[in-house]
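Working notes, structure below.
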Amino acid sequence: MLKINLRPSEWLKIGVLILVFIVGSTAAFKILKPKRVLPIYNPADLNASVVDDDLERVGRGHRIGNFELIDQWGTRVDSSLLEDKIYVADFFFTTCPTICIDMGKNFQRIQETYQSEDRFNLVSHTVMPEIDTVEVMYEYGQRMGAIKGKWHLLTGEKRELYRMARREYFAVMEQGTSFDEHDFIHTENLILVDEKKRIRGFYDGTSDLDTDRLIGDIKILLDRK
């Protein structure tokens, strides 16, 4: 068997060279590896069942439009509330005994993760404003630990809320051949919106794994700014 007799200093040099090679290769891989870019969703990219007929062919330029609602503090708000913000939106109601419980827990996780990030917000819209008054939304927010200025709970006119769910966020499936305010069903969808009010992702708010993916995607948007 061939024996290699090297002095300790020579072994040290070889070890250093190997270490430099490993570190260099790792750094090069990270530099050259393409960064993940989130898609931008427009109505034409989505299942037709979540898009009103007159929007189905819109293939570019969709933005979350203006709104007029009331937050859990009784303040009238519009789209300026979310100006230049990255945010996650959902639609729920406070007395929901099923999916909204898991969605609320996952919103708590997201809030905790980005609690100190001023560029990020959470927005929960009620689908039962006749029950979810300002007072009810405030109490729900207190129970959930919603931080003022971070997690906005919005109520208001029912028609406005349903219009937003259907035509702005594409958060719900249509019922049968048509959709109106009496057909609304709350949804597990969480919608990620960037600072330009473009939709960048849809996630299952009842799934811990999908929420993990959402938390990662929020970071992607924050890191590119």
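Computed from the coordinates by the stated procedures, all read-outs in this text should not be read as laboratory data. It should be emphasised that the depicted structure is a prediction, and the values quoted were computed from it without experimental measurement. Here the Cβ positions follow ideal geometry from the backbone for every residue, glycine too, while neighbour counts run over all protein chains shown.
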Once amide hydrogens are built 1.01 Å from N within the peptide plane, the residues lying 5 or more places from Leu153 or on another chain with amide H under 5 Å from its amide H are Gln72, Ser124
For the range 50-208, share of DSSP beta bridges that run antiparallel, in % to the nearest 5:
55
Based on the mean of other Cβ atoms within 10 Å per residue, sort peptides 81-93, 102-114 so the most packed one is first.
81-93, 102-114
For the range 43-223, treating each Cα as an identical point scatterer without solvent, what Debye log10 I(q)/I(0) comes out at q = 0.11, 0.16, 0.18 1/Å?
-0.43, -0.97, -1.26
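Using only Cα atoms, figure out Rg for the range 41-104 and give it as a multiple of 2.2 N^0.38 Å. Before the final figure, lay out the partial values.
Working: Rg = 15.2 Å, N = 64, 2.2 N^0.38 = 10.7 Å.
Compactness ratio reported: 1.42.
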Hz values of 3J(HN,Hα) by residue in the range 162-167 - Karplus curve (6.51, -1.76, 1.60), Gly and Pro given as x:
6, 4, 5, 4, 8, 10
What number, in percent, do you get for the relative contact order of the range 43-223 if the mean sequence gap of Cα pairs under 8 Å and at least 6 apart is divided by its residue count?
29
Given 63-75, 151-163, the highest-first ranking by average Cβ count within 10 Å works out to 151-163, 63-75
